[in-house]
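For reference, the structure discussed in these notes is given below.
The values are calculated or read from the model by the stated rules, or taken from the named source; none is laboratory data. Computed from a prediction, not measured in an experiment: that's the story for all the values here. Backbone-built Cβ (ideal geometry, glycine too); neighbour counts: all protein chains shown.
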């Protein structure tokens, strides 16, 4: 077939809503035609993006504990490159550039959330091969386990999930296809959001987090009653809330409100004078002497982890039919019973052949077993036990990771990995592996699981982008392996360099907060001191109750685990979305306003993410700026600028005109 000379430049009307009975979604690139996708241009630029963004994300993540989503800034750069080179109909190529490059963020998260603990715990160390192999094998496993569920998440559930990050990235890629004045709202919002977040994160000229502590009364109730309210003023988080929508934002924030306004004050009221030991590490002060944040990190977040784990189990049970059908399809393919059905599959529905997928999974699992035996544990029975644990957790929680990304655009991978570490440690201790060697084994296992779940979440985002735009899934899936290989090699080298340059312990060291949390959990387990099982159990029971009440347990539990200040702005963004889409009695006008707001919110996310990379590069170069303004002034300025940002988003969205 000849390559199409031109293509539509708008997403179809039914791109973001549920399809009616008998209705089909027709992507931008026609399923019946071929387009440029995998070319020397797209592959080479995808690899360059992977290297650059892996290094930047690793530094920023280890310094502040936040890994920016690379897909959005890479999509912006891909559009810019194709425009500068005057490449016509580059949409398919830009999807592949983004697809390969986005591997950087998920592999970085898998590594830095776990493996720096090998440097943090006294007496442990890590070498390049351990870091490289755990991230590579975990990433490959995540890709392979997610592929059979592509159709379920991106097609069968079309319109049921908001896919906020995929929405933003798709809007950027389609704006590059449009060009001219049609892309102006997104570009302008990107400039505003990017400049806003850059000045905020790099120079701190106003407060990033507004808190009730700034008021004398607020400071008093935070100290006495452990009640505090916070809002992150970042443009990117506001945009994220707009795209997620009010329904899910309220459920997520309800989890936060439950924790910060009920559980934390409740802990203080009941155990204020008690030095409460719930197997969650060393406790050296009473609950009443702790700040609300300390109560959260010492006790309450473990309830959130238990909730996430149980919500994951519930999700696995509910998705069992999908899991079973995927396994059944693999079995049929291996027996050669489905060969006839592949002939009529459209280009936009072609995955890697199931027979090839099963063979690849088998090879990967063998390599993981050999890696555990020869490179980590050196005892075949214990290596086999570790292998079984990793395989089961990675396979079962793949759907949970994909589900979380589809709902909130944030993968609770650190929470799921923490639970995986605990389960793996308990099993390894029971098998006779403990102490220093047990800690190394558990953390490497955690690295494999974390990267697998992080990769699965990122891949479902990528495949949804391809579904909307009309890419070939098999091509996206195949080149994901290349991106994962490059990212694993880059992150392994960067982490060793950062450890030698800054270190992860001592003064002026990189904070690596997630890895420190993993280290704090794993040490007592491997030394026979237990885990906060009671808190996990409370979270699990809560998830069951929420499910019984027909409240999405995963979204609620995510709100319990993610800090309050990152959840409250989601509701603000969701409220703006609801407001602009309900002001008129004309449904077509409401829809036009909603869509323009989505474009502007995507610009906020894109600008914030891109400037996060720039800010990371500036910090890496050694630039540090400390703002000397009074905290009251910083908070007041932050409030004024944040309100201005909200007003801009609402008024600009309301200015949209309906299309005839």
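Checked against (1) within 21 Å of residue 165 (Cα to Cα); (2) modelled with pLDDT of 85 or more; (3) surrounded by fewer than 22 Cβ atoms within 10 Å (Cβ to Cβ), residue 48 passes all but a single condition, namely (1).
Pairing each residue of the stretch 573-586 that is within 16 Å of residue 252 (Cα to Cα) with any residue that is modelled with pLDDT of 90 or more and surrounded by fewer than 23 Cβ atoms within 10 Å (Cβ to Cβ), provided the two are 6+ apart or on different chains, yields no C-beta distance under 7 Å. Taken as a whole, the stretch 151-160 holds no residue that is in contact (Cβ under 8 Å) with a residue 60 or more places away in the chain, buried (at least 24 other Cβ atoms within 10 Å of the Cβ) and within 25 Å of residue 366 (Cα to Cα). Just one residue in the set 607, 574, 559 is farther than 30 Å from residue 215 by Cα and assigned to a helix (DSSP H, G or I); that residue is 607.
Taking the stretch 201-221 as the range and being assigned to a helix (DSSP H, G or I) and touching a strand residue (DSSP E or B) at 6+ places or on another chain (Cβ under 8 Å) as the test, the residues that pass are 212, 218. Considering (1) buried (at least 17 other Cβ atoms within 10 Å of the Cβ); (2) on the phi > 0 side of the Ramachandran plot, the lone condition that residue 204 does not fulfil carries the number (1).
Taken as a whole, the stretch 620-631 holds at least one residue that is more than 24 Å from residue 76 (Cα to Cα), assigned to a helix (DSSP H, G or I) and modelled with pLDDT of 80 or more.
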